[in-house]
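Laboratory data are not the source of any read-out in this text; all were calculated from the coordinates shown. Note that the structure is a prediction, hence the values are computed from the model and not measured. Glycine also receives a Cβ, built like all others from the backbone with ideal geometry; neighbour counts cover every protein chain displayed.
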Amino acid sequence: MWTLNGIRIFVQEMPDATKQTIARLQPVNGGTVHQVFGYESRTFTLNAIAVGQTDADALRALAVSGSTYTLVTPWGSLTDLYVASVSLKPTMAISQTIRTDLDCDATVYNVEIQIYED
């Protein structure tokens, strides 16, 4: 089960990226010189499903708080994560059966959450 700050989400994809900052200098008579300036913190985008207006509103609030959160995955927890952006798109579903604790007519959202690791 996946949760972000206790909000239940159903993750479909979690691609991540790690990047190092390297300057390449090309002297006139010599080989390429590389200068490493460090690296960027890990970033990733969760593509998920969220059910219900309450969870949708709670996810929106994470992107404007400036606080860090914990993402609980089936493989463990990731802590000190910033939620950079949340994009919610309601789907045209007649009835939802993902969250049996909610009404069958609760709105189902496709969610994209961009996360930065501290």
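Using R₀ = 25 Å, calculate the FRET efficiency as 1/(1 + (r/R₀)^6) where r is the Cβ-Cβ separation of Phe10 and Asp118; round to 0.05.
0.50
Defining a contact as two alpha carbons under 8 Å apart and six or more residues distant in sequence, what relative contact order in percent does the chain show?
In percent, rounded to a whole number, it is 28.
In debye, nearest 20, what is the charge dipole magnitude of the chain about its Cα centre with +1 on Lys and Arg Cβ and -1 on Asp and Glu Cβ, if you could check?
360
Putting +1 on Lys and Arg Cβ atoms and -1 on Asp and Glu Cβ atoms, find which of Gly31, Ile7, Thr73 reaches farthest to the positive end of the dipole of the chain.
Gly31
Would you calculate, for the chain, the mean residue ellipticity at 222 nm contributed by helices, counting each DSSP H stretch of 4 or more residues as -39,500 (n - 2.57) and dividing by all residues, to the nearest 500?
-2500 deg cm²/dmol
Taking the simple approach of a point 7 Å from Cα along Cα-to-Cβ for both Ser65 and Leu78, what is their distance in nm?
1.7
Residue by residue through region 70-75, which ³J(HN,Hα) values in whole Hz follow from phi under the Karplus form 6.51 cos²θ - 1.76 cosθ + 1.60 (θ = phi - 60°), with glycine and proline marked x?
Along region 70-75, the couplings run 10, 9, 9, 10, x, 9 Hz.
Between Thr97 and Thr3, what is the label-point separation in nm under the 7 Å Cα-to-beta-carbon projection?
2.6
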